[in-house]
Amino acid sequence: MNIAVIGTGYVGLVTGTCFAETGVNVVCVDIDKKKVAMLRNGEVPIYEPGLDALLERNLDKNRISFTTSLQKAIKDCDAVFIAVGTPPDEDGSADLKYVLGVAREIGQHMEDYKVIITKSTVPVGTSYKVKAAVEEELVQRGVRIPFDVASNPEFLKEGSAVDDFLKPDRIVVGIESKRAEKVMRRLYKPFLMNGHPLLFMDIFSSEMTKYAANSMLATKISFMNDIANLCELVGANVDLVRKGIGSDSRIGNKFIYPGTGYGGSCFPKDVQALVRTADEYGHSLEVLKAVEAVNYRQKTTLVEKIKKHFGNDLKGKHFGLWGLAFKPKTDDMREAPSLVIIEELKALGATIRAYDPVAMHEAERILGDSIEYAKDEYDVAIDADALIVVTEWSEFRMPNFRILEKLMNERTIFDGRNIYDPEEIEEIGFNYYSIGRAA
Ligand code: UGA
């Protein structure tokens with residue numbers, strides 16, 4: 001089977017490489033010449049564990065190739081995946097100009113039947129806009145070529161994208177014809193070995209599933225953050241409450257970890273987009289509006305604790321910060337809680353020295369010289385009045401506290417991810433503040 005994947009961003013590159021791994025011939029397209037040249041050499045422009053090795057293997061086997069020509073890429077393919085970006089436009093809604101631009105280009109060049117699949121996260125109704133754009137181009141050309149559109153949302157997580165793609169919990173495909181179903185069933189057969197389902201549904205439901213999934217997960221997190229804050233006030237321990245409720249299989253023990261709020265390129269954007277879609281239909285999604293408000297507040301929780309400890313004026317105070325990425329195993333800093341924390345602390349007059357195992361380049365690109373950058377996790381602690389844990393990288397879990405206490409001005413830790421045991425930390429003489437565990 002031959003497929004084309006348009007867009008070699010996060011989703012496109014993982015999709016293309018993982019399909020190639022099953023033996024499919026994949027041609028990936030990107031307008032960025034530099035990126036295409038890099039990828040041809042096996043250089044992966046993003047940080048994603050396991051992706052470089054997988055790409056190299058499939059390049060060696062000639063199962064994947066990269067081009068800037070969409071026309072060439074779609075020539076012999078059975079299916080075209082659209083995986084280009086949908087950046088938020090001025091009012092925050094998804095800008096579809098890239099998706100629809102690709103659709104038009106496909107319409108201008110296709111010569112035989114294809115399934116045209118939307119893989120990017122797009123508002124409900126977009127796949128039919130893709131269909132209309134392709135049809136318009138075919139009419140312009142005065143040709144009648146059959147095609148189908150399909151919606152195939154992606155559920156992979158940054159940091160475990162390859163594994164999530166190769167062993168999915170489920171695959172959701174929105175289709176409108178048996179012919180498209182047959183193509184999609186064949187493509188995804190190798191991924192169903194773990195017995196998880198391939199779910200076919202109508203296109204609207206498929207597009208909606210993506211938003212509902214991310215919104216439900218974001219809801220779990222905001223709910224737990226709200227409960228955690230109350231736990232502190234009443235003297236309860238959210239870790240115990242989490243275990244207590246998580247062992248009920250109806251609730252489940254995943255995605256109920258309180259922290260500094262959810263970030264990344266997906267949850268914030270998708271929650272907002274769904275709220276906006278509902279508003280457009282005259283329906284107010286009250287729960288999701290609260291989810292967003294709670295998350296906004298949660299990103300400043302650590303700052304509130306810092307103010308309580310040091311006072312509102314932080315001039316002359318210097319903080320060490322561990323973790324800049326929005327979560328471990330990625331260098332992605334989009335909507336990262338670290339950005340809000342840094343901004344607020346600086347506004348109060350503090351200086352900051354930060355370290356992240358992989359996001360240092362990204363941080364320098366975004367934050368420039370507004371903070372100092374440490375060479376490792378201990379370098380961060382030099383002369384710090386407190387250490388702030390923002391991202392729960394494994395290497396922060398068992399530090400040498402004796403080294404830390406020698407380097408720091410004051411033995412104080414603000415832990416936004418509850419990675420330490422409060423009793424142990426207090427026993428070794430540190431002031432310790434965490435989330436939802438009465439200090
Ligand atoms: C999320 C979804 O989990 C994927 O299924 C989806 O495909 C993806 O969005 C997308 O739409 O493309 P991702 O953004 O990579 O994936 O990150 P997650 O691992 O879901 O974490 C999101 C945020 O929630 C992070 O800031 C994380 O720290 C936070 N989180 C997660 C918590 O605060 N508590 C938890 O218990 C779990």
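Bear in mind that the values in this text are calculations on the coordinates, not laboratory data. Fair warning: this is a prediction, and the values are worked out from it, not measured in the lab. Please note: Cβ atoms are built from the backbone with ideal geometry, for glycine as well, and neighbour counts cover all protein chains shown.
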Point to revise | Residue count, the stretch 128-167 (criterion: under 17 Å from A79 (Cα atoms), within 15 Å of the chain's Cα centre (by Cα) and surrounded by fewer than 17 Cβ atoms within 10 Å (Cβ to Cβ)) | key: 0
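Look through the stretch 405-439, keep the residues that are in a helix (DSSP H, G or I) and farther than 17 Å from E392 by Cβ, and return whichever of them is farthest from the ligand (Cβ to nearest atom).
Our first condition is that a residue be in a helix (DSSP H, G or I); within the stretch 405-439, this holds for 405-407, 422-427.
After this cut, where a residue has to be farther than 17 Å from E392 by Cβ as well, the list is 405-407, 423, 426-427.
Numbers: E405: 28, K406: 31, L407: 27, E423: 23, E426: 24, E427: 27 Å.
Filtering first and then ranking leaves K406.
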Review point. Would it be correct to say that R353 is touching a His at 6+ places or on another chain (Cβ under 8 Å), more than 11 Å from the ligand (Cβ to nearest atom) and either of a type outside the set (A, V, I, L, M, F, W, C) or under 30 Å from T126 (Cα atoms) (or both)?
Key: yes
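Please enumerate the residues belonging to the stretch 168-183 that are more than 25 Å from the chain's Cα centre (by Cα) and either under 19 Å from N25 (Cβ atoms) or of a type outside the set (G, A, S) (or both).
Step one: list which residues in the stretch 168-183 are more than 25 Å from the chain's Cα centre (by Cα), which gives 175-183.
Within the stretch 168-183, I175, E176, K178, R179, E181, K182, V183 qualify.
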Point to revise | Residue among T330, T351 that alone is crowded, with 22+ Cβ neighbours inside 10 Å and β-branched (V, I, T) | key: T330
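Filter the stretch 263-286 down to the residues that are in a helix (DSSP H, G or I) and without any contact (Cβ under 8 Å) to a residue 40 or more places away in the chain, then identify the one that is nearest to D332 (Cα to Cα). Before you say what the answer is, go through the steps one by one.
Restricting attention to the stretch 263-286, the residues satisfying the condition of being in a helix (DSSP H, G or I) are 267-280, 286.
With the extra rule that they be without any contact (Cβ under 8 Å) to a residue 40 or more places away in the chain, the set shrinks to 275, 278-280, 286.
On the way: V275: 24, A278: 29, D279: 30, E280: 31, E286: 29 Å.
So, considering only residues that are in a helix (DSSP H, G or I) and without any contact (Cβ under 8 Å) to a residue 40 or more places away in the chain, the one nearest to D332 (Cα to Cα) is V275.
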Exercise for review: State yes or no: is K157 more than 19 Å from V84 (Cβ to Cβ) and within 14 Å of the ligand (Cβ to nearest atom)?
Suggested key: yes
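Check whether at least one residue in the stretch 135-147 is closer than 23 Å to G12 by Cα and either part of a helix (DSSP H, G or I) or among the charged types (D, E, K, R) (or both), and report yes or no. Walk me through it before giving the result.
Filtering the stretch 135-147 down to residues closer than 23 Å to G12 by Cα leaves 147.
If we keep only those that are either part of a helix (DSSP H, G or I) or among the charged types (D, E, K, R) (or both) too, we end up with none.
No, because not a single residue in the stretch 135-147 is closer than 23 Å to G12 by Cα and either part of a helix (DSSP H, G or I) or among the charged types (D, E, K, R) (or both).
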Check your understanding: Given (1) surrounded by 14 or more Cβ atoms within 10 Å (Cβ to Cβ); (2) more than 17 Å from K317 (Cβ to Cβ); (3) of a type in the set (K, R), where does K346 come up short, assuming only one miss?
Key -> (2)
Check your understanding: Do we have S177 as polar (S, T, N, Q) and within 19 Å of V80 (Cβ to Cβ) here?
Key -> yes
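Which one of A438, A374 is surrounded by 16 or more Cβ atoms within 10 Å (Cβ to Cβ) and among the aliphatic types (A, V, I, L, M)?
It is A374.
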